[in-house]
Every structure is written in structure tokens, then in C-alpha cells.
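The values are calculated or read from the model by the stated rules, or taken from the named source; none is laboratory data. Since this is a predicted model, take the numbers as computed values, not measurements. Ideal geometry is used to build each Cβ from the backbone, glycine not excepted, and the neighbour counts take in all protein chains shown. Side chains included, ligands, DNA and RNA excluded: accessible areas come from the protein's heavy atoms. Shrake-Rupley method; radii C 1.70, N 1.55, O 1.52, S 1.80 Å.
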Amino acid sequence: MPIHADIVVLPGDGIGTEIVAATLPVLEAVARRHGHTFAFHQHDIGGVAIDRHGVPLPESTLEAARKADAVLLGAVGGPKWSDPNAKVRPEQGLLAIRKGLGLFANLRPTKPHPAALGASPIKSHLLEGVDILVVRELTGGIYFGDKTRSETDATDLCRYTVAEIERVVRSAARLARQRRGHLTSVDKANVLETSRLWRDVTNRIMREEFPEVTVEHQLVDSMAMHLLSKPRAYDVIVTENMFGDILTDEASMLAGSLGLLASASLGDGKVGIYEPIHGSAPDIAGKGIANPYATILSGALLLRHSLGLEAEAASIEAAVSAALDAKVFTADLAAPGQAVSTTQAAQAVIDRLP
Ligand code: IPM
Ligand code: MN
């Protein structure tokens, strides 16, 4: 059944504008093929919002996102706004919109594509069959705890409530049940009290509600090693906010490029934020060479999770996969002299849609 959807588009800063501009035509092409209509409503977030409105998340942007069916986001931040003493920073906009929409579960899938294995610094034989979904807690922990700063010290409070742990573990366990039935919970329970709470709550939820899903606990330091030495051993990984931030940048190296990892940030409602896991890459911004695949794949997650359009989502994923098979690579993946531009890569995806 054809649908109409209102999608808030937040290009943000740096390459954010280019990769989002490359993704919208892909979504439009999918809509046309299936008779859907997508209305895109563009708003400011991040550095560009600081310049235009004085704040990284204008009220108008948050309001629009609340009313939308879904939000597609590029990236925020850049050297222009990076003065460590600045009162407002672009990143605050991103954190505020995640929190404001209650998006506590951040899904970050990593499935190395056969054609891109050579781009990974990890040996190919370790990467075959790897299919990992990291579920990162997104609205709690040290990111959101009270902060203090004086002349001589600074503090960041890491706090988790039982309810915050329960809901993200449930999200991850449901996903594990639909996949290979294995959940790895990552913490630092040998040192941190929040981690000991995390482990206790996880064990209880898994025992009472998901007896059919196997659960394993890993300390974050050794997990950082296992992720590279035996990535095939993992199915769904659930972890707190900062550990998830760090482990997913690491996991992107399994896929060969940070430019390939999509993400979905979900809460209890239907609206979610869909964004690549990479940043605004100021060093290559404005050159038209950024890899748009992570954003295009985030668009696929948007269709799946917020709009319920599974076949359409799968068609984008298949088209990206076919473009990679054909070695349509941007500079992050290509052999010297073989790179295509951002728009050429996006067009290659459109050309391969069924
Ligand atoms: C991410 C980014 C953000 C985060 C930054 C930009 C605040 O690194 O989405 O992974 O740390 O969550
Ligand atoms: Mn990050």
C-alpha cells in the first residue's frame, strides 16, 4: 500500500550536506517505484544552527522532528566551532535531539561486504561471515551525567538507572531473538559500579524474558581485542553509551571504511533518527568525494524501522551491495585513480534499484 511520509532532513555540517544531498534522490527513486510520496523538510542542527540561530538545536528543529515520521541526519561539527572553551558546541545539538526524542537504542550493524574486504586492515579470512549488530545505549551514562569544571579539576558523572538498562537490553534481546539468538553484553564490571548494575539487570531480564537467547558478558577492554581477533563470534552486542561509541568506530574497520556504517536511533515511538556513524570529516568536506553509502544505508534503516517499508529497505541494501560488487568505490575504498564522486556513487545505487 502506497504511503505518505514526512521526513525531517538535518544535513548538519561538513560532508553532512553532501551525503544527505546524495541520499535524498535514492529515497525519491524508491518512493517513485513503489508509489509512495516522501516530503522532505530541511532544518538546521549543529554548527550551521549555531551560526544561524545561536544554538546547536533550535526549538523549531526539535518540534519538526517530533512531528515527523522519521529524521535523516548527516553529521555535525567542524574546526570552526571546535574551540574547547566555546559555550556551545555542534555536538550538543546531536545529543539534545537524541535525548529530546527519547531515542535510547542506537543500532549499528556491521556486515563486511565481500568486495570491500581488501579495504579492511584485518585479514580477510577473519572477516568472512561476520554479521554484528551493536546496540548502543544512547541517552544515558557519562554523556549525560552532571559535569563540573574548576581551575584545578573536572568531573563527568556516569549514572544509569535500572529502567534505562532494562529497556535497551530488551531492545537488543528482541533483535538477537530475530537473528542468531546470541547476546554479548559489554561492560567494565571489574571496576565500575554502573557496570555491575548493568550486568545484574541484564542477567535478570535475559533469564526472565529471553530464556531462548544465550547471553555472554565481556569486559570492554578485552572486547576491543576480540572484536578484531574473532569478530565472527558475535551476533548482537549491547553496551552503554560511551563503550558503544568507541567499539563501533572500531567495528567499522571490519567493514573496511567508516563510510559504510549506518545507524538507527530508536525509542518507544515510531520516529527515529537515521545517520551514518561517521562524523563531518572537515578534511574532505566540499570536495564531493565523501562516501554516501553509510547515509544511503541509513535511509534504508529509516524505511524499515520508521515507515515499515521492509521490501523498499531491502531494495536499497541490495542496490548498495550491487554497487560495491561492481567496485563503485569512493576514495576511502578505491584503488588509486579509481575513485568515483559522492554523486556518482549515489547514482550507481539508483541505477541498481530493482
Ligand atoms: C557518534 C558521534 C557522536 C557521539 C558525537 C558527534 C557527539 O561520535 O554518533 O558516534 O559521540 O555519540
Ligand atoms: Mn562516535
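A cut-off under 15 angstrom between Cβ atoms defines the neighbours of Pro11, and their net charge, with Lys, Arg +1 and Asp, Glu -1, is -4.
Contact order normalised by length for the chain, with contacts defined as Cα pairs under 8 Å and 6 or more residues apart; what percent is it?
The normalised contact order for the chain reaches 22 percent.
For the chain, the square roots a ≥ b ≥ c of the C-alpha gyration tensor eigenvalues yield an a/c under 1.5, which makes the shape rounded. Rounded, prolate or oblate: pick one for region 121-255, where a ≥ b ≥ c are the square roots of the eigenvalues of its C-alpha gyration tensor, a/c under 1.5 means rounded, and failing that, prolate if a/b is larger than b/c, else oblate. Verdict is oblate for region 121-255. Neighbours of Gly74, meaning other residues whose beta-carbon lies under 9 angstrom from its beta-carbon, give a summed charge of -3 when Lys and Arg score +1 and Asp and Glu score -1. Protein heavy-atom accessible surface, 1.4 Å probe, per residue over the chain: 42 Å².
Averaging the sequence gap over all C-alpha pairs within less than 8 Å and six or more residues apart, then dividing by the number of residues, gives region 121-255 a relative contact order of 40 percent. Please check the chain for the longest run free of GluC sites (Glu not before Pro) that are loop-located per DSSP (anything but H, G, I, E, B) and have at most 13 other Cβ atoms within 10 Å. The reported range is 213-354. Between the alpha-carbon centres of region 282-304 and region 79-123 there is a gap of 12 Å.
Extension gain for Glu250 to Ser229 (0.36 nm times residue separation, less C-alpha to C-alpha distance): 6.3 nm.
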